[in-house]
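The values are calculated or read from the model by the stated rules, or taken from the named source; none is laboratory data. It should be emphasised that the depicted structure is a prediction, and the values quoted were computed from it without experimental measurement. FYI the Cβ positions are ideal-geometry reconstructions off the backbone, even for glycines, and counts take in every protein chain you see. Each accessible area value is taken on the protein alone, full model and side chains, heavy atoms only, with ligands, DNA and RNA left out. Shrake-Rupley method; radii C 1.70, N 1.55, O 1.52, S 1.80 Å.
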Amino acid sequence: DALWEIDLKTRRLWWSEGAKPLFGHSPGELEIGLEDWYDGIHPDDVDSVHAKFETFMRSGDPDWIDEYRFRRADGTYVYIQDRGRKFFDEGGKPVLVAGAMVDITGRKQAEEAMRESEENARRQLAYVEAIYPTAPVGLCFLDTEQRFLSINKHLAEINGKTVEEHLGRTVRE
């Protein structure tokens, strides 16, 4: 995790030692202005992050959270979850925002792999469903308890029953 603070008077950004393993920058390299932080956000994410963060800064809401890609020293991007909290002076004016960035790249990659797997399964199911009713072989879908969820007409005929007589029954029945 990389901890950070923004001094709202100077709009300067400070980073903890956690920035080195996360981004490949030493903290001294990252003591930059708020606008420089925006420059490190992936071009596809920057408008959304900028709008959400500036809305947060104008609001009375003390907490902010977002997910986006941030540029590493080698030019690659890491997915991060970023959260911050405002701190106020005695008069109720925000003077500091502090937060933490957490690497969520592994989670994002797993989510993408899951989406691709689900899409592949949907394509395969669509193919099966297209040939299912007229297949020259008996086909069926079973639940985890081996109950017929669906059965094609050919298999029903092989079993000497109607499609409806199979539905909800187990294979053993």
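Going through the stretch 147-165 one residue at a time, which ones are open to solvent by less than 100 Å² (accessible area, probe 1.4 Å), in contact with a Leu (Cβ under 8 Å, 6 or more places away or on another chain) and not small (Gly, Ala, Ser)?
PHE148, ILE151, ASN152, HIS154, LEU155
GLU116 versus (1) open to solvent by 80 Å² or more (accessible area, probe 1.4 Å); (2) closer than 30 Å to TYR79 by Cα; (3) modelled with pLDDT under 90: which is the lone unmet condition?
(3)
Name the residue that is surrounded by the most Cβ atoms within 10 Å (Cβ to Cβ), counting only residues in the stretch 67-110 that are hydrophobic (A, V, I, L, M, F, W, C) and more than 30 Å from LYS9 (Cβ to Cβ).
ILE104
Of the conditions (1) open to solvent by less than 70 Å² (accessible area, probe 1.4 Å); (2) at pLDDT below 90, ARG122 satisfies every one except a single condition; which number is it?
The number of the failed condition is (1).
Against the definition (within 20 Å of VAL102 (Cβ to Cβ), surrounded by fewer than 16 Cβ atoms within 10 Å (Cβ to Cβ) and without any contact (Cβ under 8 Å) to a residue 60 or more places away in the chain), how does GLY24 come out, yes or no?
yes
Contact list please: Cβ distance under 8 Å, first residue in the stretch 87-110 and touching a residue at least 60 places away in the same chain (Cβ under 8 Å), second residue surrounded by fewer than 11 Cβ atoms within 10 Å (Cβ to Cβ) and among the acidic types (Asp, Glu), pairs at least six apart or on different chains.
Hits for this filter: VAL95/ASP89.
Might you let me know whether the stretch 112-120 holds any residue that is more than 23 Å from PRO21 (Cβ to Cβ) and in contact with a Gly (Cβ under 8 Å, 6 or more places away or on another chain)?
No.
Could you run through the stretch 125-146 and say how many residues are in contact with a strand residue (DSSP E or B) (Cβ under 8 Å, 6 or more places away or on another chain) and open to solvent by 80 Å² or more (accessible area, probe 1.4 Å)?
Within the stretch 125-146, residues that are in contact with a strand residue (DSSP E or B) (Cβ under 8 Å, 6 or more places away or on another chain) and open to solvent by 80 Å² or more (accessible area, probe 1.4 Å) number 2.
Within the stretch 52-62, which residues are within 20 Å of the chain's Cα centre (by Cα) and open to solvent by less than 70 Å² (accessible area, probe 1.4 Å)?
PHE53
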